[in-house]
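Student: Before I ask anything, let me first share the structure, which is written out below as structure tokens.
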Amino acid sequence: MSDGPKPATSRLVAGFGPSLIERAALDALCRALGISFYAAVRSNAIGAGSFEGMDLPAFFARLAPAGTIAARHTVGLVDPITAADLNGRVGDGLPETLEEVVARYGNRYFKLKVAGDPKADVERLARIAAVLDRIAGKYYATLDGNEQYEDMAGVAELWGRMKAERRLSRLVGSILFIEQPIARARALDEPVAGIERPVIIDESDDSLNAFVEARALGYRGVSSKTCKGIYKSLVNAARCAAWNAEAAEARYFMSAEDLTIQPGLALQQDLALVSLLGISHVERNGHHYVNGMAGLPESEQQAFLAAHPDLYERSAGAVRVRIEDGMLAIGSLDCPGYASRAMPEWNSMRRT
């Protein structure tokens, strides 16, 4: 017997396993047909039909992946901004502060975490802005509320304080959207109000209908993550196109979020999905949480580097994601199968 509806957290976790099966099955289909993931979707080899009045095959046929995508660097709540924030160095040859990240990778897109305290958040954002404002030319940022705010009034207060703070004038102008500022248990209890930037859902996206419910409350976007399901992302992209056609303006959109995804199959499949959806920048700095592919067998590292030399490099003792001028090169993902010419060494995997 059912104990009633599952809480949102459980629904998100429950969706992860099926998403892995989706990807494995799609990879097998692509390899059996000798076609790429892009071709499988665009030709509708996946067998989609009409949904909510939308002609999904016609929408898929119009999708056009790009050969590059911008990496959006996440600045977490405890991440060091300058060398003064460091309490000793790791010393592994990789950047350890936001300043060093910008200098090393040339990022122009950033995701900034806020903690639910408008006054404290503004002060930390001002320290971040002092670094980002040195970038020549435009930069772009998103705010991630990460479910830290109690209600829309608190988010509106944050935005008002940001606009009033002269140190944030350039940063405010760079903000593209605000991601899931309110806890999922309450996020869909009140309409979006008092905020001049689009607000999107992420953690609240726990069902196929979540974006529809959020739209009715004034949310304008939803995140794409392969861990939440590739087909849900494709359906939500089609919804955005249909709703924008109805509104006669580009009002609804998708973002690409996934902080800790690691190099190899998971990274490549997610990049291929968001590129096919037409998203131009993606949260991508999971490579800062482990030492690239250092934990994998050397032969596996070399296999991925040889198969995808545009996406990976060997540096600081391991194969890792290559980011140059803030961009990821992903042309090699257009290959038979689901975005990979290499495979993990399955026999080397250990149970944990």
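All of the numbers you see were taken from the coordinates with simple rules; none came from a lab. Everything numeric in this text was worked out from a predicted model, so none of it was measured. Quick reminder, even Gly has a Cβ in these numbers, built from the backbone with ideal geometry, and neighbours come from all protein chains shown.
Student: With +1 on each Lys and Arg Cβ and -1 on each Asp and Glu Cβ, how big is the dipole of segment 1-136 about its Cα centre, in debye rounded to the nearest 20?
Tutor: 280 debye
Student: State log₁₀ I(q)/I(0) for segment 29-138 at q = 0.16, 0.18, 0.24 Å⁻¹ as given by the Debye formula over alpha-carbon point scatterers of equal weight, solvent excluded.
Tutor: Each listed q corresponds, in turn, to -0.79, -0.87, -1.38.
Student: Further question: Tally Lys/Arg at +1 and Asp/Glu at -1 over every other residue whose Cβ is under 13 Å from the Cβ of Ala241; what's the total?
Tutor: Neighbour charge sum, excluding Ala241 itself: -1.
Student: Please give every one of the lysines within straight-line cross-link reach of Lys163, meaning a C-alpha to C-alpha distance under 16 Å, and leave out same-chain neighbours fewer than 8 residues apart.
Tutor: Lys119
Student: What do you get when you divide the Cα radius of gyration of segment 281-352 by 2.2 N^0.38 Å, with N the number of residues?
Tutor: Cα-based Rg divided by the globular estimate yields 1.13.
Student: Still on this model: Could you list which residues have their amide H under 5 Å from that of Ser255, counting only those 5 or more apart in sequence or on another chain, with H placed in the peptide plane?
Tutor: Close amide H contacts, sequence-distant or interchain: Val222, Ser223, Ser224.
Student: For segment 204-352, how big is Rg over Rh, using alpha carbon atoms and the Kirkwood form of Rh?
Tutor: On the way: Rg = 17.3 Å, Rh = 16.8 Å.
Reported Rg/Rh, Kirkwood definition of Rh: 1.03.
Student: Let me ask something additional. Pairs of alpha-carbon atoms within less than 8 angstrom and 6+ residues apart define the contacts here; what relative contact order does the chain have, in percent?
Tutor: 22 percent
Student: Non-local amide H neighbours of Ile81 (under 5 Å, H modeled in plane, Pro and chain starts lacking H): which ones?
Tutor: Under 5 Å from the amide H of Ile81 lie the amide H atoms of Leu98, each far enough along the sequence or on another chain.
Student: Amide H to amide H under 5 Å from Ser36: which residues, 5+ apart in sequence or cross-chain, H placed 1.01 Å off N in plane?
Tutor: For Ser36, the qualifying residues are Gly337.
Student: How large is the Kirkwood hydrodynamic radius of the chain, counting all unique pairs of alpha carbons, in Å?
Tutor: 21.4 Å
Student: Taking the chain as a Gaussian network, Cα atoms linked when under 10 Å apart, which of Val114, Val321, Val101 shows the biggest mean-square fluctuation?
Tutor: Val101
Student: On alpha carbon coordinates alone, what is the Rg over Rh value for segment 117-164, Rh being the Kirkwood radius?
Tutor: That ratio equals 1.01.
Student: When the Karplus curve 6.51 cos²θ - 1.76 cosθ + 1.60 is applied with θ = phi - 60°, which whole-Hz ³J(HN,Hα) does each residue of segment 53-66 get, with x for Gly and Pro?
Tutor: Using θ = phi - 60°, the values come out as x, 9, 8, 4, x, 5, 5, 4, 5, 8, 5, 9, x, 9 Hz.
Student: Against the 2.2 N^0.38 Å scaling, with N counting residues, where does segment 38-100 land? I'd like the Cα-based Rg ratio to two decimal places.
Tutor: Details: Rg = 22.0 Å, N = 63, 2.2 N^0.38 = 10.6 Å.
Expressed relative to 2.2 N^0.38 Å, the Cα Rg reads 2.07.
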